[in-house]
1. Name the pairs whose Cβ atoms lie under 6 Å apart, with the first residue in region 100-117 and of a type in the set (Asp, Glu), the second part of a helix (DSSP H, G or I), and 6 or more positions between them or separate chains?
2. Evaluate region 171-184: report whether one residue or more is among the small types (Gly, Ala, Ser), crowded, with 18+ Cβ neighbours inside 10 Å and within 16 Å of the ligand (Cβ to nearest atom).
3. How many of the residues in region 123-153 are away from the ligand (no atom under 16 Å from the Cβ) and hydroxyl-bearing (Ser, Thr, Tyr)?
4. Restricting to region 197-255, name every residue that is of a type in the set (Asp, Glu) and either in a strand (DSSP E or B) or surrounded by fewer than 20 Cβ atoms within 10 Å (Cβ to Cβ) (or both).
5. Could you give every pair whose Cβ atoms fall below 8 Å, whose first residue belongs to region 284-300 and is more than 13 Å from the ligand (Cβ to nearest atom) and of a type in the set (D, E, K, R), and whose second residue is assigned to a loop (DSSP other than H, G, I, E, B) and modelled with pLDDT of 70 or more, counting only separations of at least 6 or pairs across chains?
6. Do any residues in region 373-388 that are under 10 Å from TYR325 (Cα atoms) have Cβ atoms under 8 Å from those of residues that are at pLDDT below 95, where the two are at least six apart or on different chains, and which pairs are they?
7. Among the residues of region 65-119, what is the count of those that are more than 16 Å from the ligand (Cβ to nearest atom), assigned to a helix (DSSP H, G or I) and closer than 28 Å to TYR46 by Cβ?
8. Among the residues that make up region 330-339, is at least one of them within 16 Å of the ligand (Cβ to nearest atom) and either in contact with a Leu (Cβ under 9 Å, 6 or more places away or on another chain) or not small (Gly, Ala, Ser) (or both)?
Amino acid sequence: MGLNFRSVFASIIVSVVFLGGCSSDVVSNNPSSHSPVIHQTLKSAYADKFLIGATLNDYLVANHNDRSVAIVKQHFSAATMDNAMKWEVFNPQPETYNFTAPDNFVDFTTENDIAAVGHVLYWHSQTPDWVYKDQQGNLLSREALLNRMRQRAKLMAARYGKTIKIWDVVNEALEDDGSLRQSMYNQIIGDDFIEQAFIIASQELPADSVLLYNDYGMTRPGRRDTVIKLVTELQAKNIKIDGIGVQGHWDMQRPSISEIATSFDAFIATGLPIHITELDVDYLGREEFFGANVDITKLVATPQNNPYADGQFPATADQELGDRYVDIFKLFLKYHQNIERVTFWGVTDDNSWLNGWPVAGRTNYPLLFNRDGSEKQALKRVIQLGSDY
Ligand code: GLA
């Protein structure tokens, strides 16, 4: 990799916490010794292991007084915009660009020494129809669509390339069985669409950019093996790819820790590092669905699948969620030399997409901070684990 984020950001965080930059919320007096006690945060506990990220939304990057922003500044060393850079939101019509939220995002991450992640250049979902069509409504030729993809990468590079150094280049282009997902991209471009996307990204983004392939369900043997084949082929052709993005939209049982470990071993064998890009643990479960296919029809909320609808997460449930997170982070620690970043998809439970997927209108509890911004026991246990390691 051109730039080692882990060490750059670890040194920033260590300087802030240990060289006198401590704010009152990280230092207190130890009554027995009168010497200061460092209260670890997520990013300080994992500073020499990997970046710890969260997603931000338009509101948070514009409203710096929000309590979630305070949490982000205190606990996170990386950030991803949840929607603002997706093609549909960023560039909904041919000449219409929504720069405000991404501009706020790069300002916020720069001011706070947070590693900014670009999400996402090319994805079959949340991409407007006009992208694939000419002015008469006819499907574009392969060359014309590749050119449109190039224009998007050029614009991102010109406006955000100095700040955003990690990019999800292609998202979710594979099915569970490892076959190529049928999308407008491969319908128009052909089966080399992923390869073409990486060629474009490597030519247009700055040379020190970190280019990722990102997907859910990465423990599925079919998808896992195709990702490895894809990486190996790109490497053989000298096409730049710098990491494997494992989304990590998991639930309380699935995937098992050993399935995750098996997939990590396989990914690491390619020589590329892993980025955990979208971690959350679906406490309420997702019934028959596994993975994060946003195209499915949602189920209906019932008292059985939505037991804590009042927003209060019981202590026993917090304990169970913490057990699962501790198991997951034990594994991340074991593989820390091959993991560059662990990003949570959200900050507090109220802004999680799992309140609406795969069951519409639930009150879910997948993250480490409660709806009111208070810290779950699960958070404290994850911090303790990192501090003790
Ligand atoms: C996928 C995408 C994300 C987000 C999540 C759910 O995993 O990569 O951008 O849409 O689904 O919110």
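The values are calculated or read from the model by the stated rules, or taken from the named source; none is laboratory data. Nothing here was measured: the structure is a model prediction, and the numbers come from that model. We place every Cβ from the backbone using ideal geometry, glycine too, and count neighbours over all the protein chains shown.
1. Taking only residues 6 or more apart or on different chains, the pairs are ASP113/ILE12.
2. Step one: list which residues in region 171-184 are among the small types (Gly, Ala, Ser), which gives 173, 178-179, 183.
With the extra rule that they be crowded, with 18+ Cβ neighbours inside 10 Å, the set shrinks to 173, 183.
Subsequent filtering for residues that are within 16 Å of the ligand (Cβ to nearest atom) retains 173, 183.
Scanning region 171-184, I find at least one residue that is among the small types (Gly, Ala, Ser), crowded, with 18+ Cβ neighbours inside 10 Å and within 16 Å of the ligand (Cβ to nearest atom), so the answer is yes.
3. Counting residues in region 123-153 that are away from the ligand (no atom under 16 Å from the Cβ) and hydroxyl-bearing (Ser, Thr, Tyr) gives 2.
4. Scanning region 197-255 gives ASP208, ASP215, ASP225, GLU233, ASP251.
5. GLU287/ASN305; GLU287/PRO358
6. Short answer, once both residue conditions are applied: none.
7. Residues meeting the conditions: 16.
8. Here is the first cut: in region 330-339, the ones within 16 Å of the ligand (Cβ to nearest atom) are none.
Checked against the condition, which is being within 16 Å of the ligand (Cβ to nearest atom) and either in contact with a Leu (Cβ under 9 Å, 6 or more places away or on another chain) or not small (Gly, Ala, Ser) (or both), region 330-339 yields no hits at all.
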